[in-house]
1. Have a look at Leu168, Leu204, Leu208, Leu183 and point out the one that is within 17 Å of Phe243 (Cβ to Cβ) and among the hydrophobic types (A, V, I, L, M, F, W, C).
2. Being closer than 16 Å to Gly333 by Cβ and either of a type outside the set (S, T, N, Q) or in contact with a Lys or Arg (Cβ under 7 Å, 6 or more places away or on another chain) (or both) is true for just one of Ile76, Ile66, Ile124. Which residue is that?
3. Quick check on my filter: what residues within region 394-417 are closer than 21 Å to Glu440 by Cβ and either exposed (fewer than 14 other Cβ atoms within 10 Å of the Cβ) or in contact with a Gly (Cβ under 8 Å, 6 or more places away or on another chain) (or both)?
4. For the structure I just gave you, tell me whether Leu208 is modelled with pLDDT of 95 or more and over 22 Å from the mean Cα position of the chain (by Cα).
5. Based on this model, can you work out whether Val477 counts as outside the structural domain of Tyr241 (by TED's automatic domain parsing) and crowded, with 22+ Cβ neighbours inside 10 Å?
6. In region 116-143, what residues are under 24 Å from Phe42 (Cβ atoms), crowded, with 22+ Cβ neighbours inside 10 Å, in contact with a Pro (Cβ under 8 Å, 6 or more places away or on another chain) and not hydroxyl-bearing (Ser, Thr, Tyr)?
7. Tell me whether region 25-34 contains one or more residues that are assigned to a helix (DSSP H, G or I), among the β-branched types (Val, Ile, Thr) and more than 20 Å from the chain's Cα centre (by Cα).
8. In the list Leu427, Leu377, which residue meets the criterion of being in contact (Cβ under 8 Å) with a residue 40 or more places away in the chain and surrounded by fewer than 19 Cβ atoms within 10 Å (Cβ to Cβ)?
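The values are calculated or read from the model by the stated rules, or taken from the named source; none is laboratory data. This is a predicted model, so every value here is computed, not measured. Ideal geometry is used to build each Cβ from the backbone, glycine not excepted, and the neighbour counts take in all protein chains shown.
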Amino acid sequence: MNTKKNAIPYILAVVAITTVIFSICSTTSPLYTFCDESHCFFNVGKAIFNGQVLYKDILEQKGLIIYLIQIPAYLISHTTFIGVWTIQIILLILFSVSAYKLNICLGLDNFQSLIAVAISDLVIFTSQSLASGQIVEVYALPFFMYSLYSLTRNLEESRDFSWQMILLNGIFAGIILWMKYSLLGFYFAWAAFVCIYLLIKKGLGKALKTGLVFLGGMLTVTIPCLLYFYLNGAITELIDYYFINNISGYGKQITLGGLVYNYIYTIYSELHWNLPVMVFLAIGVCAVLFSRMKAATKLSLIIIALFNAVVVFSHGPMFPYYLFAFAPFVVFGGYGIAKVIGLLLKKQTSRKLTAVLVSLVACVLAYVYKPFPREFLADTSGLSQYVFAEYMNSNHDSPTMLNYDFLDGGFYTVADIVPNTWAYCRLNWDNPLMNQDQLETIRNRKVDFVVTNRNDNLPKELFENYALVDQISQYRVDTLFTYYLYEVR
């Protein structure tokens, strides 16, 4: 059977499965009337669209491209995440289609490949790794997946590594560099393996040219990004807040003993946080090692996965979503299970019925095991974000506000307010200037409103310059928070 023929119905099924499962599981989807997680990317993106310069006028810690992606989302909707969800769905469909093609490349038929994608999507999107739909790793998935697919296809089918393919993967590496450079370990290993492989097979000249083309792809992304900061006089801020502070702002200086401890503790933590993902990663390892893949393919996948882990977890697990960087490798767990199903079911009719059944069950299980059951189709009318937004917009024309001492909780989004201060919220790393800027904003009454989720150890300037006008207690996941709204006197 030629699995490449008549693939359109299966591709459409992949599109439907990915859309349903992700929409059920991620709070960025319209099934969650309010996205109760960090709105940092979205609000910085709209600040850039409204003329502010990243790092210079508004403080953040990720790369420029992740915020540029938010601009079309902002243009679709200023006050909801329907635009964010739309962009994510497009990217994740590309991820799943690449996973489907990878499974075909590894010898599965259309039915098995559909089963593998349904299982993989279920495990990935119901995991605690997706504790936030607004993480860079979600946006990075299609790039990682296509790169694994293109590498595997070339190795398995003994194809030449075309310049176009190398250049495209270099462009992907450049995109990752300017979204979150700590994820770049994946592409460092990818490029290193390809160059060494070609050095052995084709000689030094081919390997060097391949490396240069890959770097050329990265430069096609890097040069415009650098020009943005240069033309806006923000090169110093770029170096300080994207590179230096991201290295020094997370934990202590790394030592050899500390690295070993971090990696051991990472395995323990991720088994607790994301057991299904860890199990499927283990299944994927077994599926790769005991498959009929070529030795070069197996070696490439192992090297890329290991080096990615070494870089991503150098500071330890820290947050559950770190494991999301390994979601593309969960696909090999799905591949392994689908291959076993294919061995048990010889008839195409049985495989077809099984593919349909597995797909439907995956969608049902996504609903059962969605990470945020409390927020699913919840009523938002009494949430502090909506109550405060109505008050702010009713009492001030074009109100301004400060999200004081906690991560952006969506108050800017719902009220359709563009941040007008440098430290518009508190980020997850230590930076004395961030705290100082927030205090100066309050001291000098730079904003009309201050929102905080604290009621102790607040600066005296807050009570001198602002009056408490409302407070609302509500759950965020399983934790009860009280949010306070202060208005300038």
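1. Going through Leu168, Leu204, Leu208, Leu183 in turn, the sole match is Leu183.
2. Step by step, each of Ile76, Ile66, Ile124 is checked, and only Ile124 is closer than 16 Å to Gly333 by Cβ and either of a type outside the set (S, T, N, Q) or in contact with a Lys or Arg (Cβ under 7 Å, 6 or more places away or on another chain) (or both).
3. Listed by number, the list holds a single entry, Asn403.
4. The answer is yes for Leu208.
5. Criteria not met by Val477.
6. Within region 116-143, Leu130, Leu141 meet the criteria.
7. Taking every residue of region 25-34 in turn, none turns out to be assigned to a helix (DSSP H, G or I), among the β-branched types (Val, Ile, Thr) and more than 20 Å from the chain's Cα centre (by Cα).
8. Leu377
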